[in-house]
Amino acid sequence: MIGQIAHGNYAGSGDAVHYMVAAHSVAFDRDFDLANDYSDPSRIIRDPAGPHARPGVDGVVRPVHDVGLPIVAAPVVALAYATAGTVNRWPETLVRRAKLNPFIVLRQLLSLAMIAATIALALLFFDASAALTGQRTWAFVWTLAWALSPPILTHGYVFLTEIPSAIIALFVFVRRDGLRGGHATTHGVLLGLLTGLLFLIHVRNIGLVLALAALIVWRVRQTPVRAIGYAAGLAVMAAVKVAINLRFWGAPLTNPHEHLGAWPGIAALLSQSATSLAGLLLDARHGLLLAAPIFLLAPAAWILLKRQSRTTAYELLVVMAAYLVFVINPVTNIHGWRGGWSPAARFLVPIVAFASLAVPAVFAARVRMRIGVVIIGAQLIVSAYLWGHPMQQWSEGPGPAPFVQALVGPSAAARIPPVEQLSGPVLAYLGIAMLITTGVTVMLVRKARA
């Protein structure tokens, strides 16, 4: 990821810029009045507010994006912004040769901070995967492949909410048994605060909050007093979320950017949700599997995990399903599943760890390894190209993602139908993809060694 930010990249564009502006307001003004942050002629961030900031109920210009990330990252942004402001005093030769300006320095410093967070996520993922499968060596190999592949690779240096959400969700899941041991109240308060922070970071994380809370409460159902600390921490963060939203927009949870959509009817709801799920996985612009074919190993890994521990396998499934219900549902996600101007699978980043923790079990089974080698080889080709061409990761608008066109050619890429609605060509494409995925899964698990 450090290599990627040494190339031209788009980390300082899209939603990321406006999270930076909100964090700047917290760091330097101790408020969320963004009028001066967008209008100050001496500002480093020059992007206009556009639809990312609007007058609130009190007429003050407020960020429409959730404020958890700006609050948490404010100290880092303050340091990065102050450093970027000194660029004009740096040696002219260095500035010219490195093509630096204050905004590029700010972007790079925040990218380094996000890379540090991504490294922390990878370390947590390794520990969790090794503990879950008992395969420490394979967990190390898999963690490298996982962290250096999309969507972690492509989002791991961008100032967005997805990587922080992934860290917090995985940490809470890994520590979910903490309420059973000593210091249950203290441990519970910490986990409750972190679970609630997920909702403050992004309202889209509501499914993660509900699922994690349900799993923790279920684990202490015999001694519910152990959940008091957790409930208190969660309630505090919920109160903070509601208080901020009431102050900004006069409503407990919604704002002009984030609100419920109209009920389309059950048939349309199911059709649109199925289309969104298919798009998240297979769309040529923002689909997961075209950018990260290694996730073809995930279904087989889940089946092998289920043979070992049904409870853990179903807990992982509950977390992923609860999150996705709110993402693919057109009523709870009016903005769609693509994530706008971004790399592929942006909205899947918070749960890709849960989908792939058990993959080392596939390698340890030592059956049909040629399939795994082919899949890993395909991933290395995609990742190697994206390592050297970060700007090819980002896309928006019609047509396949730039990296897909570069790897398979424009004519072949054009044959991949965009997953916008369940038309005949899309259904045929999805059917072929399902057959491939099912075939790979069956071959991997049919004769797996115990």
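Taking the range 314-350 as the range and being over 30 Å from Arg136 (Cβ atoms), of a type in the set (A, V, I, L, M) and over 14 Å from the mean Cα position of the chain (by Cα) as the test, the residues that pass are Val325, Ile328, Val331, Ile334. Within the range 311-339, the residues that satisfy the criterion of being assigned to a loop (DSSP other than H, G, I, E, B) and out of contact with any helix residue (DSSP H, G or I) (no Cβ under 6 Å at 6 or more places or on another chain) are Val331, Ile334, His335, Gly336, Arg338.
Here Ile44 meets each of (1) in contact with a Leu (Cβ under 7 Å, 6 or more places away or on another chain); (2) free of Cβ contacts under 8 Å to residues at least 40 places away in the same chain; (3) of a type in the set (A, V, I, L, M) with one exception, condition (2).
A search for C-beta distances below 9 Å between a residue of the range 404-432 that is touching a residue at least 60 places away in the same chain (Cβ under 8 Å) and any residue that is β-branched (Val, Ile, Thr) and in a loop (DSSP other than H, G, I, E, B), counting only pairs 6+ apart in sequence or on different chains, returns Val404/Ile416; Val426/Val419; Tyr429/Ile416; Tyr429/Val419; Leu430/Val419.
Mind telling me which of the residues Leu153, Leu123, Leu110, Leu148 ends up being more than 22 Å from Gly339 (Cα to Cα), touching a helix residue (DSSP H, G or I) at 6+ places or on another chain (Cβ under 9 Å) and either hydrophobic (A, V, I, L, M, F, W, C) or without any contact (Cβ under 8 Å) to a residue 24 or more places away in the chain (or both)? Just one listed residue meets the conditions, Leu123. Looking at the range 336-356, is at least one residue under 24 Å from Leu269 (Cα atoms), surrounded by fewer than 20 Cβ atoms within 10 Å (Cβ to Cβ) and in the same structural domain as Phe159 (by TED's automatic domain parsing)? Yes; the residues of the range 336-356 include at least one that is under 24 Å from Leu269 (Cα atoms), surrounded by fewer than 20 Cβ atoms within 10 Å (Cβ to Cβ) and in the same structural domain as Phe159 (by TED's automatic domain parsing). Any residue at all in the range 149-160 that's part of a helix (DSSP H, G or I), modelled with pLDDT under 95, over 24 Å from Ala322 (Cα atoms) and assigned by TED's automatic domain parsing to the domain that holds His257? Checking the range 149-160: at least one residue is part of a helix (DSSP H, G or I), modelled with pLDDT under 95, over 24 Å from Ala322 (Cα atoms) and assigned by TED's automatic domain parsing to the domain that holds His257. Is the range 351-370 home to any residue that is modelled with pLDDT of 90 or more, more than 30 Å from Ile163 (Cα to Cα) and more than 21 Å from the chain's Cα centre (by Cα)? Checked the range 351-370: no residue is modelled with pLDDT of 90 or more, more than 30 Å from Ile163 (Cα to Cα) and more than 21 Å from the chain's Cα centre (by Cα). Annotation: Val404 fulfils all but one of (1) assigned to a helix (DSSP H, G or I); (2) surrounded by fewer than 20 Cβ atoms within 10 Å (Cβ to Cβ); (3) out of contact with any Phe, Trp or Tyr (no Cβ under 7 Å at 6 or more places or on another chain); the unmet one is (2).
Of the conditions (1) farther than 12 Å from Pro343 by Cα; (2) assigned to a helix (DSSP H, G or I); (3) of a type outside the set (Phe, Trp, Tyr), Gln392 satisfies every one except a single condition; which number is it? Tallying (1) farther than 12 Å from Pro343 by Cα; (2) assigned to a helix (DSSP H, G or I); (3) of a type outside the set (Phe, Trp, Tyr), Gln392 fails exactly one: (1).
Out of Arg204, Arg221, Arg226, one residue alone is assigned by TED's automatic domain parsing to the domain that holds Phe403, under 30 Å from Ser149 (Cα atoms) and among the basic types (Lys, Arg). It is Arg204. Here the condition is being under 29 Å from Phe326 (Cα atoms), within 25 Å of the chain's Cα centre (by Cα) and surrounded by fewer than 12 Cβ atoms within 10 Å (Cβ to Cβ); of Gly424, Gly397, it holds for Gly397 alone.
Residue-wise test of (1) assigned to a helix (DSSP H, G or I); (2) within 27 Å of Gly336 (Cα to Cα); (3) in contact with a His (Cβ under 6 Å, 6 or more places away or on another chain).
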{"residue": "Ile375", "(1), (2), (3)": "yes, no, no"}
{"residue": "Ala378", "(1), (2), (3)": "yes, no, no"}
{"residue": "Val382", "(1), (2), (3)": "yes, yes, no"}
{"residue": "Trp387", "(1), (2), (3)": "yes, no, no"}
{"residue": "Gly397", "(1), (2), (3)": "no, yes, no"}
{"residue": "Pro400", "(1), (2), (3)": "no, yes, no"}
{"residue": "Val419", "(1), (2), (3)": "no, yes, no"}
{"residue": "Leu422", "(1), (2), (3)": "no, yes, no"}
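The values are calculated or read from the model by the stated rules, or taken from the named source; none is laboratory data. Here the structure is a predicted model, which is why all the values come from computation and not from measurement. Methodologically, a virtual Cβ is constructed for each residue, glycine included, from the backbone with ideal geometry; neighbour enumeration extends over all protein chains shown.
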